[in-house]
Amino acid sequence: MPEPKYSLLPTISVNRPVTVLMGLLMALVLGIIAYNRIPIELMPSGMEEKRLMVRAYYQNSTPLDVLDKIVEPMEDALGTVSGVEKVYTRSYGTQGRAYVYFHKDVDMDEAYAEIKDRMDRVLPEMPEEVDEITVYRYDEDDEEVLFAAMTLGDHIENPEFFIERYLRPALQRIDGVGDVDIKGTQYKEVRISLDQEKLRAHNVNINRLISTLKSDNLNLSAGRVREGGQELMVRSVGRIEDLKDLEDFVVDRDTGLRLSDLGEVYIGVIEGYSTWRLNGGMSYGVEITRSADANIVEICDAVVRVFDRFSRAKRWGGIDFHIFQNQGAYILESVSNLKMTAIWGGIFSFIVLICFLRSLSIAVTIAMAIPLSLLCSIIALYFMGWTMNVLTMMGLLLAVGLVVDNAIVMVENIYSKREEGLSPKESALVGASEIGLAITMATLTTAAVFIPLLLMRSGSETQFFFLRIGIPVIAALLASLGIALLLIPLASKTFAAKRVREASQKGGGKIGRAYQFVLRKAIDDRYFAMLIIFSLVGVSLIPIQEEWIDVKDGRSRGGYVYFSFELPGGVTKDEVEEWTIQVETFLEDNRELYAFDSYSSSHSRSSMYVRLNMIEGTETWYQVAYTGILDFVGMSPELSLIHISEPTRQEAI
């Protein structure tokens, strides 16, 4: 009798256990390394935005004047650029902007160079007050990873000196920080107010006076002097260091005329472009951006530690930071939620296996495919240079329920051969070889669903985002196939029971008998089978009806609410400040109604913004399920005596 032929992978699995275990150990080590080293971010990086922004400043003007002299020449020049899909323009009292959107197949490097060339050509046609036209290219690294509002104590006499000398350097020293932008600062400058009558009376030329001040207010190196074997550096010190020295600056040496005789010398404040307020008081906005490929979570943690150090320092008593946006915290929260969802999904899958298989050894054999497949998927993401983000975690979450299918089919067939009387080794070889081709085709069919994503036009946003979900699923499915063909036969042989029950010819209980009845009825009566098919299709269409989709849910998911106000043209900054105070007064009167912790505002002549830092708690899946059940039965969660609130969640657990 010829010896039966078995498939290659099941044969290796059963006959070479050491090789299989070494491969398993290698996968575990690589998986642990990849899991600990893979970067974490909120959304995947690498998406090239097909848009540019063009801006030109024209101060002390009106929106209509900016439209006529700045924006319309811009539009005419941008109309000659190739590959442009649409152009949006805006006119303000201080500047004109153009937002240029390109087609998906446009090379943004060439588009940037072409627009830069067009703007250089149109610049001479604009008013002399327009120094340059700036072209901005969208870069995801330019987006803020952390934004906070800062208030300083009253004893800090020079806030700008404190910011430039202590705060900004402390933040810039953090590894990975790209830029520190502190908004709302009002720097001081020395101002000289000259009296025209006195200038004419003393016959002083103002241009010559300016030139004299510039030439006398500087330090110059005078070279080196060698004496007695030593080399000395010689420097001419002429910089004016004190306001009194500037007042006593001699304008005419013959008459002894001084600068104070011609006018007033004083220190003035440079009015900033915008003013920032926190909870109704003056504040500063602190915006942190990252450098390329820096770890957002580590940057945000380091920035928060710097904030805490300044807040606790007795030297700077009274400093307060209110963090409105912390992308690192959002990333950790989102990834943690997805991790817990995946863990609970795996637990529920194991419980279902126990309930239906009623065998702990079989359930454990099948369940081990879940973590191993996910680890292999993480290995693939790590070596592809991708990150762990919301989209890749969604892909891994989807894979949790798919990766056990191959293992279930493989284990069931192996144990059916065991029930027929074959030995553990023979049942593993025969069962795995019989079902190997079937599960391979089923897995490849499922993975083929994502092939159209690979064939999409390069640069497509749909391709970019769906690949971040699809690739983890494909990697996990292929890993589950390898686990089913290599590890499951070995595990079934190793952990096989010495005695097995005889194959049952009964229906397997009430559920089994009901299933057999429906199956016989569907086979014998095709109209009954069609009725079942149409019923299932009809039921599946119910959730996608428009009235089932909540499109009006405007709740904040990110922890803060951002308001932008459209202002009329020709207003002053003082008028905008009055409107800002009105909005702040309204918010203070309705703090409990809108449930926010703090608010920050900023305003200028052409813009007005308000941020609300909301009070929110993250609900776990069982809280959501509990609330959903109460809503379904018509009960209000607030009226329930057993409602689990966020502050007492740990006690409830």
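The values are calculated or read from the model by the stated rules, or taken from the named source; none is laboratory data. Keep in mind that what you see is a predicted model, and the values were worked out from it rather than measured. Quick reminder, even Gly has a Cβ in these numbers, built from the backbone with ideal geometry, and neighbours come from all protein chains shown. These area figures cover heavy atoms from the full protein model, side chains too; ligands, DNA and RNA do not enter into them. Shrake-Rupley method; radii C 1.70, N 1.55, O 1.52, S 1.80 Å.
Looking only at the stretch 359-374, count how many residues are of a type outside the set (Val, Ile, Thr), more than 20 Å from LEU398 (Cβ to Cβ) and in contact (Cβ under 8 Å) with a residue 60 or more places away in the chain.
1
If we scan the stretch 317-334, do we find a residue that is modelled with pLDDT under 80, among the polar types (S, T, N, Q) and open to solvent by 50 Å² or more (accessible area, probe 1.4 Å)?
Within the stretch 317-334 (the criterion being modelled with pLDDT under 80, among the polar types (S, T, N, Q) and open to solvent by 50 Å² or more (accessible area, probe 1.4 Å)), the answer is no, since none of the residues qualifies.
Can you pull out every residue in the stretch 318-358 that is in contact (Cβ under 8 Å) with a residue 12 or more places away in the chain and of a type in the set (Gly, Ala, Ser)?
Correct list: GLY318, GLY328, ALA329, SER334, ALA342, GLY345, GLY346, SER349.
Quick one: would you say GLU110 is touching a Ser or Thr at 6+ places or on another chain (Cβ under 7 Å), open to solvent by 60 Å² or more (accessible area, probe 1.4 Å), of a type outside the set (Phe, Trp, Tyr) and free of Cβ contacts under 8 Å to residues at least 60 places away in the same chain?
Here the answer is no, as GLU110 does not meet what is asked.
Would you say ALA170 is in contact (Cβ under 8 Å) with a residue 12 or more places away in the chain, under 30 Å from THR80 (Cβ atoms) and of a type in the set (Gly, Ala, Ser)?
No, not satisfied.
Out of (1) part of a helix (DSSP H, G or I); (2) closer than 28 Å to LYS183 by Cα, the odd one out for ALA111 is which?
The one condition ALA111 does not meet is (2).
Out of curiosity, is ASN60 at positive phi and open to solvent by 80 Å² or more (accessible area, probe 1.4 Å)?
Yes; evaluated as a whole, the condition is true for this residue.
Given the conditions (1) at pLDDT 75 or above; (2) out of contact with any Gly (no Cβ under 9 Å at 6 or more places or on another chain); (3) not β-branched (Val, Ile, Thr), report the number of the one that GLU227 does not fulfil.
Among (1) at pLDDT 75 or above; (2) out of contact with any Gly (no Cβ under 9 Å at 6 or more places or on another chain); (3) not β-branched (Val, Ile, Thr), the lone unmet condition for GLU227 is (1).
For the stretch 373-397, which positions are of a type in the set (Gly, Ala, Ser), farther than 18 Å from ASN295 by Cβ and surrounded by fewer than 21 Cβ atoms within 10 Å (Cβ to Cβ)?
ALA380
Quick test of your reading of the structure: VAL29 fulfils all but one of (1) surrounded by fewer than 13 Cβ atoms within 10 Å (Cβ to Cβ); (2) in contact (Cβ under 8 Å) with a residue 12 or more places away in the chain. Name the failing condition by number.
Condition (2) is where VAL29 drops out.
As an exercise: evaluate ASN207 against (1) surrounded by fewer than 10 Cβ atoms within 10 Å (Cβ to Cβ); (2) among the polar types (S, T, N, Q); (3) at pLDDT 75 or above; (4) touching a strand residue (DSSP E or B) at 6+ places or on another chain (Cβ under 6 Å) and give the number of the one condition it does not meet.
Unmet for ASN207, out of (1) surrounded by fewer than 10 Cβ atoms within 10 Å (Cβ to Cβ); (2) among the polar types (S, T, N, Q); (3) at pLDDT 75 or above; (4) touching a strand residue (DSSP E or B) at 6+ places or on another chain (Cβ under 6 Å): (4).
Please specify each residue of the stretch 73-107 satisfying the condition of being out of contact with any Gly (no Cβ under 9 Å at 6 or more places or on another chain) and free of Cβ contacts under 8 Å to residues at least 40 places away in the same chain.
Within the stretch 73-107, GLU75, GLY79, THR80, VAL81, SER82, GLY83, VAL84, GLU85, LYS86, TYR88 qualify.
Only residues that are in a helix (DSSP H, G or I) and within 18 Å of MET368 (Cβ to Cβ): list them for the stretch 403-423, please.
Answer for the stretch 403-423, where residues must be in a helix (DSSP H, G or I) and within 18 Å of MET368 (Cβ to Cβ): VAL404, ASP405, ASN406, ALA407, ILE408, VAL409, MET410, VAL411, GLU412, ASN413, ILE414, TYR415.
In the stretch 285-296, what count of residues is obtained for those that are open to solvent by less than 20 Å² (accessible area, probe 1.4 Å) and not in a loop (DSSP other than H, G, I, E, B)?
Residues meeting the conditions: 5.
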